[in-house]
Structure formats: C-alpha cells, structure tokens
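The values are calculated or read from the model by the stated rules, or taken from the named source; none is laboratory data. Predicted model only: the values in this text are computed from it and were never measured. Glycine gets a Cβ as well: all are built from the backbone with ideal geometry, and neighbour counts include every protein chain shown. SASA here: full protein model, heavy atoms, side chains in, ligands and nucleic acids out. Shrake-Rupley method; radii C 1.70, N 1.55, O 1.52, S 1.80 Å.
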Amino acid sequence: MTVITNEYVTDEPQDRKKKYGYKIDDVLEHFGTIGKFQILVTVLVSALALIATWRILFDIMTTKTIPWECIDNHCVDAEKPGDMPCSFHKNTELEKNISGTGLQSNLWKFDKDQKSHSIVAIFDLRCEDKWKYSFSSSIYFIGAFFGVWMFGRLSDAIGRYLTLLISLGLCVVQAWIIPFFNNMNVYLACRFFDGASFGGFFLIAFVLDVEYAPPKYRNMIGTLFHFLTSGGMALISLWGFAFKDFRAFAIALAVPPTIMWIVSFFFFPESARYYLSKGKDEKALASLKKVADTNGKQMPLDCTLYEDIDVKISLFKVISNKRLLIAAPINMFGWFMTS
C-alpha cells in the first residue's frame, strides 16, 4: 500500500504500522546493523566516487606545462617553471604576425621527450587558443550543471538504476573518444559530456548508498563517501606518475568507468522508494526482500509498505525548511569554490 500525502503521519510508531504498514526505514531498522548488502553497495559506490574524482581532475594532468625553449632570438624564454610560451605578450604578438602570413610558427619548441605528455603540444595549440585549455575545466562543470538537472528529472521518470546506467555509459563513451582524436574542440565537447555524466551517476550512486543504509548509520556512510572523493584527489597524481603520455593516461582512466558500467548491470539495485512513488509496491517489497536475503535476515511478518511522498515539491517548500535553507547555500558555495 502506497500512501501519497502532503502531511506527515503523527501516530506513534506501533499504531502507525497497524494503520498504514511499514515505512522503508522501519524495515531497514528491523534488519538491524549494516550487512553484506550495504557493504556491497558501499564498495560499488566507493568505486564510482573515485572515478568521479578522477574525471573531475583529468585536466590537471592533460593540460600540464611541459619544458620548452625558444628557437628564435626574438622569442622570450621562460623566466620560471610553469611559464608557457604564450604567457609573454611579445611571444603572442610574434606568433600572431607569423600566423598572419600563413607560415608555421617555429618560435619555440617543446621538449621532444615530453611533447606527448600534454594536449598543449599534442594539439599544437596556438596563442589564440590558450583560453581553450583553461576552459576545459570550466566546461566540465557547465556540463555537470545541466547533467544534475537532466538526470535528476530522468531518475524520477525511469528510476535510479536505468539513469545510473545511462549516465555512466555516457561517461564511458566520451572517455574512449578523447585519446583517439587530435582535436581540441572534440576534447572540449567530451569534457562537457563528461561533466554531464558526473551529474548523473555520482549523485544517484550517493542516494542509493545512503537510502539502503539503516537510518542510524547514514551519517557515517555519507561521510565515508566524501572521504573517498578526497582519496581520489590524492590518487590522481599516481595515475599521472604511472602514465605520463597523454593517450596512455586517457586510456588508463577510461578503463575504470568501463568496468564499473559492466558491473552496474548486474549488482546495482533499484530504489525501493522509486518503486513506491510509482505505485509498484510488489517490486519495492522485492527490493527489500533482496536486502533481507543477502544479509541473512527475515522480513517483518505481513509486511506492507507505505511512504510519505509529497507530490507538490516547490522552491517555496525548500526555502521554508530551516535546515535546508541553511544547508543549501553552504553546499552551493562549497561547490562554487571547488569548481
């Protein structure tokens, strides 16, 4: 039995269960502590958290500065490590003049042993293109902005599981395109769709992980999820150290999401709350029974489900909730500063 209501039930827990049935949290509390099912989901979600972090920081390794030197007396050499040829106005003007004549720019050259380490040299970016490799990180988060909105609505329409597969599949496709195209515009387009996919699988995975945890353990599991994203930031340097070549690095980082996409077909559960919101009570019960069977627990006797589902969500209801009103700006500011 699914109860759709705009008012929360105020009955005592036992009276409420007799009157309506069990809420999903009631059933999870009945199972007790964290079991094999929650551990499996947390491991899968942890892998996705690492993948998401690596995709976010991908540009740090692909747009890095590599050694170069002038081959023309008129060129200005680097003054300190990290300077790019186009960091100097004189070099930019010299290249602009040469480009205007249709001649190849031969004012400087990159270290031949490290030329394959950065898209700046691989894509032969000119001074007028220098905004592109700075923009590659920004366009990722532009994609994430649209991805959160698009995949959020899609997950409400077709379910968390299918949306997770679609968004993670999008991540896999663009991850395998990047290493095989010598074109900066293609690279930027891929980074946009990379960000859009992040807006899907990253948030959905987090929701599924927390949703199936017993209520008293949710804070711990949610915190663990973000610890792992921090760990992913540290590990990206190891990927860069192991795979210095741009194409090797891009291929190496395309493998983990591909593996997880295949694994997700078989092991990720659908949300029981999604089933209830669509009136699919039997499927919701089946999802919870799978949790019980995996954990070696028993379902409550004569278990029927209901959930308080507010079908009239609005911005006003969000800002009228004091906790959300405080948490939302803090969260938005954090993401803004991170991006």
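Accessible surface comparison of ARG218, ARG55, probe 1.4 Å, protein chains only, largest first: the order is ARG218, ARG55.
Database remark: amide H of TRP108 closer than 5 angstrom to the amide H of ILE71 (H placed geometrically; neighbours at sequence offset of 5 or more, or on other chains; Pro and chain starts carry no H). Modelled this way, with points 7 Å down the Cα-to-C-beta line, the labels at ARG323 and SER138 are 3.8 nm from one another.
Amide H to amide H distances under 5 Å link SER118 with PHE246, where only residues 5 or more positions off or on other chains count and H is placed in the peptide plane. Ranking PHE267, PHE198, PHE206 from most to least accessible surface, computed with a 1.4 Å probe over the protein chains only, gives PHE267, PHE206, PHE198.
Remark on segment 121-198: ratio of C-alpha radius of gyration to 2.2 N^0.38 Å is 1.24.
Taking amide H positions as modeled 1.01 Å from N, with prolines and chain starts lacking one, the residues under 5 Å from LEU305 and 5 or more places away or on another chain are TYR22. The gain in end-to-end length when the ASP293 to PHE180 segment is fully stretched comes to 36.1 nm, 0.36 nm per residue minus the alpha carbon separation.
The relative contact order of segment 102-212, computed from alpha carbon pairs under 8 Å that lie at least 6 residues apart in sequence, is 35 percent.
Residue by residue, segment 227-234 carries 3J(HN,Hα) couplings of 4, 5, 5, 5, x, x, 5, 6 Hz when phi is fed to the Karplus relation 6.51 cos²θ - 1.76 cosθ + 1.60 (θ = phi - 60°); x denotes Gly or Pro. Separation of the alpha carbons by more than 27 angstrom is noted, of LYS278/LYS322; LYS36/LYS244; LYS36/LYS283; LYS280/LYS322; LYS297/LYS322, for LYS278/LYS322; LYS36/LYS244; LYS280/LYS322; LYS297/LYS322. Please label the shape of segment 200-252 as rounded, prolate or oblate, based on the square roots a ≥ b ≥ c of the eigenvalues of the alpha-carbon gyration tensor (a/c under 1.5 means rounded; beyond that, a/b larger than b/c means prolate, else oblate). Verdict is prolate for segment 200-252. You can think of it this way: the chain between ARG218 and MET332 has 38.9 nm of extra reach, that is 0.36 nm per residue less the Cα-Cα gap.
For PHE241 and PHE145, the difference between the fully extended length at 0.36 nm per residue and the C-alpha to C-alpha distance is 31.5 nm.
In terms of accessible area, using a 1.4 Å probe and ignoring ligands and nucleic acids, TRP68, TRP176 rank largest first as TRP176, TRP68.
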